[in-house]
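Novice: The structure's right below; bear with me while I get my questions together.
Since every read-out is calculated from the coordinates, none of them should be taken as a lab result. The model shown is predicted, which means the values in this text are computed figures rather than measured ones. Positions of Cβ are generated from backbone atoms using ideal geometry, with glycine treated the same way; all protein chains shown enter the neighbour counts.
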Amino acid sequence: MRKYVPALMAALLLPLLAGCGGNGDKTLTVFAAASLQGPFTQLAKQFESEHKGVEVELSFGASNDLAAQIQQGAPADVIATASTKTMDQIAADVTDRSDFASNTMEVAVPAGNPAHIRSLADLTRKGVKLAVCQAAVPCGVVAAQVFANAKLTVHPVTQEVDVKSVLTKVSLGEVDAGIVYVSDVKTAGPKVTGIIIPAAVNAVTTYPVAVVSKTAEKSLAADFVTLVKAAAGRRALAAGGFAPPSRS
Amino acid sequence: MSRREPAPLLLVVPAAIAALFLVLPLVALVVRAPWHDLGRLLTTTQAVQALRLSLLTATAATLIAVVLGVPLAWLLARGRLPGTRLLRGASTLPLVMPPVVGGVALLYAFGRMGLVGRYLDLWFGITIPFTSVAVVMAETFVAMPFLVVTLEGALRGADSGGEEAAATLGASPLRIFFAVTLPAVRPALVAGAVLCWARALGEFGATITFAGSFAGSTRTMPIAIYLAMIGDPQSGTALALVMLIVSLVVLVLHRERWWYAGVLRGGGR
């Protein structure tokens with residue numbers, strides 16, 4: 001057994017070394033809302049291929065968590081949040097802000113829909129296990145707005161830290177339904193089915209992107225924002241189920 | 001070594017840095033705590049609910065750990081069964097494993113689609129995730145090994161003379177366990193239980209993964225602190241201060257037993 005230990009250690013350490021030897025001379029760090037994972041991963045790859053020697057480092061999470069990190073001085077160059085309100089909180093720390101997408105909500109149920117959810121009202125049924133985002137993150141705010149619009153009172157079993165956590169609980173079948181973005185259902189694959197929320201009661205959130213004022217890579221950061229807003233960005237976002245920013 | 005030499009500088013300097021490193025953040029927390037608003041921040045429903053839930057679940061987890069973990073420690077220390085070493089490894093693995101991994105594992109075992117959880121749901125209509133029971137299970141999973149390890153060490157180190165004498169006098173093995181073995185390792189049992197309780201109180205990763213987060217039923221203090229630090233740092237800091245004070249109280253109450261009798265001397269008297 002003992003003679004395997006060095007080999008095991010090497011196997012564990014190898015990825016570390018690989019991570020260190022990155023090929024980029026410059027790194028652009030992008031903080032983005034959890035829901036943007038699909039399109040932003042794709043856009044980062046495109047950005048790297050268009051900017052030789054630049055590596056894009058992506059960090060996804062709850063928008064207000066990312067905003068709080070920026071306030072604490074996290075070394076991000078670009079930030080994209082899932083609501084204008086979270087961006088407002090860090091208005092003093094960012095520049096070149098603009099809206100680039102919008103999203104609405106959908107009910108996500110596990111494949112096979114075990115609790116036979118057909119409408120929002122079904123979520124109020126006794127025994128239905130519902131997951132939502134916690135009240136402070138954008139997806140939680142928008143979900144609460146949807147239930148207020150529909151004049152429904154729900155009793156979720158859990159309030160997750162971000163929208164992808166809600167989606168995970170749904171795809172594992174641990175809850176009967178979750179309130180997530182339309183874009184999440186679109187990219188979730190066969191383990192999750194979406195139930196459309198009528199436009200009359202649905203709510204919209206707008207996604208702003210901005211350059212972090214303290215960035216050392218101001219022009220690269222501006223280039224990334226441009227890419228997000230350009231035709232390529234719009235295509236990637238549309239493919240991921242996002243809508244263009246609303247003009248309200 | 002009767003004459004006391006001054007400690008060598010090569011040891012004193014790193015030791016001082018280590019001590020400073022451990023203490024400074026706590027001082028910073030105390031300094032930055034919103035003292036003027038503490039009363040209001042700590043009496044919000046959220047804060048009271050989280051503290052209550054944390055104290056209750058950590059205590060429940062410790063009781064379970066004592067009831068189940070003491071026999072396990074005894075079996076590991078005295079057991080002649082084949083595979084004892086393997087069992088020891090398996091039962092102390094949660095000690096060195098990231099708690100969030102434990103949460104994922106619990107989900108796959110006791111979740112609604114889990115190995116065991118599937119049948120609990122199918123046959124009895126019981127689903128464990130997202131309940132306070134799940135919180136207790138997550139805490140027990142992570143914290144019980146602390147009690148088992150502490151107690152096992154003491155049991156191995158304890159003198160078996162008393163037990164042999166009792167056996168010669170005709171006492172049953174169970175009677176020997178309760179009347180002789182257990183009293184002899186009491187300091188280690190207390191130390192292990194306290195360690196287990198403190199670890200359960202601080203549990204975060206396994207809980208949020210397996211039990212989710214909902215005020216009143218599954219949102220324990222560490223989760224409440226984490227969430228509050230995102231949206232409302234003032235109340236997050238206030239809650240963190242409470243946890244610091246609770247930990248301090250535990251440490252002071254058990255200073256003697258824990259530090260000296262329990263861990264260092266392996267529980268022997």
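Novice: Of A:Pro156, A:Pro138, A:Pro208, which is the most mobile in a GNM of chain A whose springs link Cα atoms less than 10 angstrom apart?
Specialist: Greatest mean-square fluctuation among the candidates belongs to A:Pro156.
Novice: Next question, about the same structure. Find out how many positive minus negative residues lie around B:Leu227, taking Lys and Arg as positive, Asp and Glu as negative, among other residues whose Cβ is under 12 Å from that of B:Leu227.
Specialist: Combined, the nearby Lys, Arg, Asp and Glu give -3.
Novice: Also, I was wondering about something else. Counting each pair of different Cα atoms once, what's the Kirkwood radius of the range A:103-204 in Å, rounded to one decimal?
Specialist: Numbers: mean 1/r = 0.0775 Å⁻¹.
It works out to 12.9 Å.
Novice: Additional query: Ignoring everything except DSSP H segments at least 4 long, calculate the 222 nm mean residue ellipticity for chain B; use -39,500 (n - 2.57) per segment, divide by total residues, nearest 500.
Specialist: Numbers: 13 runs with 188 residues, N = 269.
Helix-only estimate at 222 nm: -22500 deg cm²/dmol.
Novice: If I stretch the segment between B:Leu248 and B:Thr45 completely, what's the gain in nm (0.36 nm per residue apart, minus their alpha carbon distance), one decimal? Could the numbers behind the result be given before it?
Specialist: Working: separation 203, 0.36 × 203 = 73.08 nm, distance 2.43 nm.
70.6 nm is the gain from fully extending B:Leu248 to B:Thr45.
Novice: Does the range B:38-264 classify as rounded, prolate or oblate by the C-alpha gyration tensor (a ≥ b ≥ c root eigenvalues; a/c under 1.5 gives rounded; else a/b over b/c gives prolate, otherwise oblate)?
Specialist: Numbers: a/c = 2.59, a/b = 1.50, b/c = 1.72.
Taking the square roots of the gyration eigenvalues as a ≥ b ≥ c, the range B:38-264 is oblate.
Novice: Using a 10 Å cut-off around each Cβ, can you sort B:Glu203, A:Glu55 from fewest to most neighbouring Cβ atoms? The partial results should precede the final answer.
Specialist: Numbers: B:Glu203 29, A:Glu55 16.
Listing B:Glu203, A:Glu55 from fewest to most nearby Cβ atoms yields A:Glu55, B:Glu203.
Novice: Ok, one more. Enumerate the amide H contacts of A:Met105 below 5 Å, restricted to partners 5 or more residues apart or on another chain; note that Pro and chain-start residues carry no placed amide H.
Specialist: The list, which skips near neighbours in sequence, is A:Val182, A:Ala203.
Novice: Let me ask something additional. Could you work out the relative contact order of chain A, using alpha carbon pairs under 8 angstrom and six or more residues apart, expressed as a whole percent?
Specialist: Working: 467 pairs, mean separation 68.1, N = 248.
Computed value for chain A: 27 percent relative contact order.
Novice: What percent antiparallel are the DSSP beta bridges of the protein assembly as shown, to the nearest 5? Present the calculation step by step, with values, prior to reporting the outcome.
Specialist: On the way: 21 of 37 bridges.
Of the beta bridges lying entirely in the protein assembly as shown, close to 55 percent run antiparallel.
Novice: Okay, next question. Excluding A:Phe242 itself, what net charge comes from residues whose Cβ is under 14 Å from its Cβ, given Lys and Arg +1 and Asp and Glu -1? Write out the running numbers ahead of the final one.
Specialist: Working: positive: A:Lys186, A:Lys229, A:Arg234, A:Arg235; negative: A:Asp99, A:Glu106, A:Asp184.
Net charge in that neighbourhood comes out at +1.
Novice: If you add up the charges near A:Ser213, with Lys and Arg at +1 and Asp and Glu at -1, over every other residue whose beta carbon is less than 11 angstrom from its beta carbon, what do you get? Present the calculation step by step, with values, prior to reporting the outcome.
Specialist: Numbers: positive: A:Arg97, A:Lys214, A:Lys218; negative: A:Asp77, A:Asp93, A:Asp96.
Result for the local shell: 0.
Novice: Pick out which of A:Glu174, A:Glu50, A:Glu160 has the largest mean-square fluctuation in a Gaussian network model of chain A, springs linking Cα atoms closer than 10 Å.
Specialist: Sorting by GNM fluctuation, first place goes to A:Glu50.
Novice: Follow-up. Roughly how many whole Å is it from the C-alpha centroid of the range B:207-235 to that of the range B:107-129?
Specialist: Each part reduced to its Cα centre gives a spacing of 24 Å.
Novice: Please report the antiparallel percentage of DSSP beta bridges with both residues in chain A, rounded to the nearest 5.
Specialist: On the way: 21 of 37 bridges.
Roughly 55 percent of the beta bridges in chain A run antiparallel, per DSSP.
Novice: Could you work out which residue, out of A:Asp96, A:Asp25, A:Asp77, moves most in a Gaussian network model of chain A, that is, has the largest mean-square fluctuation with Cα springs under 10 Å?
Specialist: A:Asp25
Novice: List B:Trp35, B:Trp197, B:Trp123 from most exposed to least, where exposure is judged by having the fewest other Cβ atoms within 10 Å. Mind showing how you got there, number by number?
Specialist: On the way: B:Trp35 11, B:Trp197 23, B:Trp123 8.
Sorted ascending by nearby Cβ count, the order is B:Trp123, B:Trp35, B:Trp197.
Novice: Which of rounded, prolate, oblate describes the protein assembly as shown, given a ≥ b ≥ c as roots of the alpha-carbon gyration tensor eigenvalues and a/c under 1.5 marking rounded, otherwise prolate only if a/b is larger than b/c? Show your work: numbers first, answer last.
Specialist: On the way: a/c = 2.03, a/b = 1.58, b/c = 1.28.
Prolate, because a/c is 1.5 or more and a/b exceeds b/c.
Novice: Note the full-extension length gain between A:Ser59 and A:Ala199 as 0.36 nm times their separation in residues minus their Cα-Cα distance, in nm to one decimal.
Specialist: Details: separation 140, 0.36 × 140 = 50.40 nm, distance 3.16 nm.
Residue separation times 0.36 nm, minus the Cα-Cα distance, leaves 47.2 nm.
Novice: So, one more: Under a plain spin-label model, where a point goes 7 Å from the Cα along Cα-to-Cβ, how far apart in nm are A:Asp96 and A:Lys26?
Specialist: 1.1 nm
Novice: Now for a different question. Mind checking which lysines have their Cα closer than 25 Å to the Cα of A:Lys218? Skip sequence neighbours fewer than 8 apart in that chain.
Specialist: Qualifying lysines at Cα under 25 Å: A:Lys26, A:Lys45, A:Lys52, A:Lys85, A:Lys229.
Novice: Cα gyration tensor of chain A, axes a ≥ b ≥ c as square roots of the eigenvalues: rounded (a/c below 1.5), prolate (a/b > b/c) or oblate? Could the numbers behind the result be given before it?
Specialist: Numbers: a/c = 2.08, a/b = 1.31, b/c = 1.59.
The shape class here is oblate.
Novice: While we're here: Hey, what did chain B get for relative contact order, percent, Cα under 8 Å, at least 6 apart? Present the calculation step by step, with values, prior to reporting the outcome.
Specialist: Working: 348 pairs, mean separation 76.2, N = 269.
That works out to 28 percent.
Novice: Another question, then. So if I take the centroid of the Cα atoms in the range A:103-174 and the same for the range A:26-97, what is the distance between those two points in Å?
Specialist: So the two Cα centres are separated by 26 Å.
Novice: Return A:Met87, A:Met105, B:Met229 ranked ascending by Cβ neighbour count within 10 Å, so the fewest neighbours appear first.
Specialist: Details: A:Met87 23, A:Met105 27, B:Met229 18.
With the fewest neighbours first, A:Met87, A:Met105, B:Met229 line up as B:Met229, A:Met87, A:Met105.
Novice: While we're on this one: Given only helices, namely DSSP H runs of n ≥ 4 each adding -39500 (n - 2.57), what is the per-residue ellipticity at 222 nm of chain A, to the nearest 500 deg cm²/dmol? List each step's numbers first, then the result.
Specialist: On the way: 9 runs with 93 residues, N = 248.
So the helix-based figure for chain A works out to -11000 deg cm²/dmol.
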